[in-house]
Amino acid sequence: MRQQLSFQFPEKKRNIEGTLTLGLAKNFDTAMFKSYFEIGGLHLKKTILVFLILPFLLLGACSEKEWSYKYEGATDNWNGVTEIFYDKENGARFVGKIKYLGNGDVKKLKFISELTQTSQQTGSVQTPNFKEGYIIIFQDVPNTDSTKNDFKNGVTDEEVKSFFGDYPVFKIDWTDEEGIDHTETIYLKYVAQ
């Protein structure tokens, strides 16, 4: 790795330019360079070592058990998404979101989400605001210790598909701005990432 560096040493009132390659200075007064950094209490080799190691430590800390999966589906009026994220405490977090694709406003929204054969989330929203896009309609976590542990240990695509089944669904009852009631079902399909 070669990088062109320029240093200004105020007490000598001159600039020194050179190329720094893996901590070795070339093409300039290395004794002056070394003494300047030692006087300031810094040591070049330690500084370079810190900058080389720090990114690896950050990558290791950030990559711990990070995974996510997604189911998505749509009708003429709605787009529905369930995202599955790693959660340190519960193994996973399931987040359901919907977005209105039609024109005008939705006055009332009721939903039933059937993620699995044993898991159902229900709710309603009066005058939902879809101006920003999706709104979150539920957040859930696995409901048994064994399922929590399965997700904590990491899951494959096939295990996620087995857990959620073929087609989780959102059943939506909604009232448009003209007061007309509608019922739609969004079938969510697994989206490979």
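The values are calculated or read from the model by the stated rules, or taken from the named source; none is laboratory data. What you see is a predicted model; the values in this text were computed from it and never measured. Every residue, glycine as well, gets a Cβ built from its backbone with ideal geometry; the counts of neighbours run over all protein chains shown.
Which residue out of VAL155, VAL160, VAL125 is more than 28 Å from ASP76 (Cα to Cα), of a type outside the set (S, T, N, Q) and surrounded by 14 or more Cβ atoms within 10 Å (Cβ to Cβ)? Before the answer, list the steps.
Values: VAL160 fails: more than 28 Å from ASP76 (Cα to Cα); VAL125 fails: more than 28 Å from ASP76 (Cα to Cα).
The match here is VAL155.
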Answer yes or no as to whether ILE172 is without any contact (Cβ under 8 Å) to a residue 24 or more places away in the chain and within 20 Å of ASP76 (Cβ to Cβ).
no
Meets criteria (part of a loop (DSSP other than H, G, I, E, B) and modelled with pLDDT of 95 or more) for GLY179:
yes
Count, please, the residues in region 66-116 that happen to be in contact with a helix residue (DSSP H, G or I) (Cβ under 6 Å, 6 or more places away or on another chain), in a loop (DSSP other than H, G, I, E, B) and aromatic (Phe, Trp, Tyr).
0
GLY154 fails exactly one of (1) within 18 Å of the chain's Cα centre (by Cα); (2) at negative phi, namely (2)
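Would you check if there is a residue in region 151-170 being part of a strand (DSSP E or B) and either more than 24 Å from GLU66 (Cβ to Cβ) or hydrophobic (A, V, I, L, M, F, W, C) (or both)?
Checked against the condition, which is being part of a strand (DSSP E or B) and either more than 24 Å from GLU66 (Cβ to Cβ) or hydrophobic (A, V, I, L, M, F, W, C) (or both), region 151-170 yields at least one hit.
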Which of the residues belonging to region 182-193 are surrounded by 15 or more Cβ atoms within 10 Å (Cβ to Cβ) and not in a strand (DSSP E or B)?
LEU188
Would a scan of region 120-139 turn up a residue that is in contact with a helix residue (DSSP H, G or I) (Cβ under 9 Å, 6 or more places away or on another chain) and either within 20 Å of GLY80 (Cβ to Cβ) or touching a residue at least 12 places away in the same chain (Cβ under 8 Å) (or both)?
no
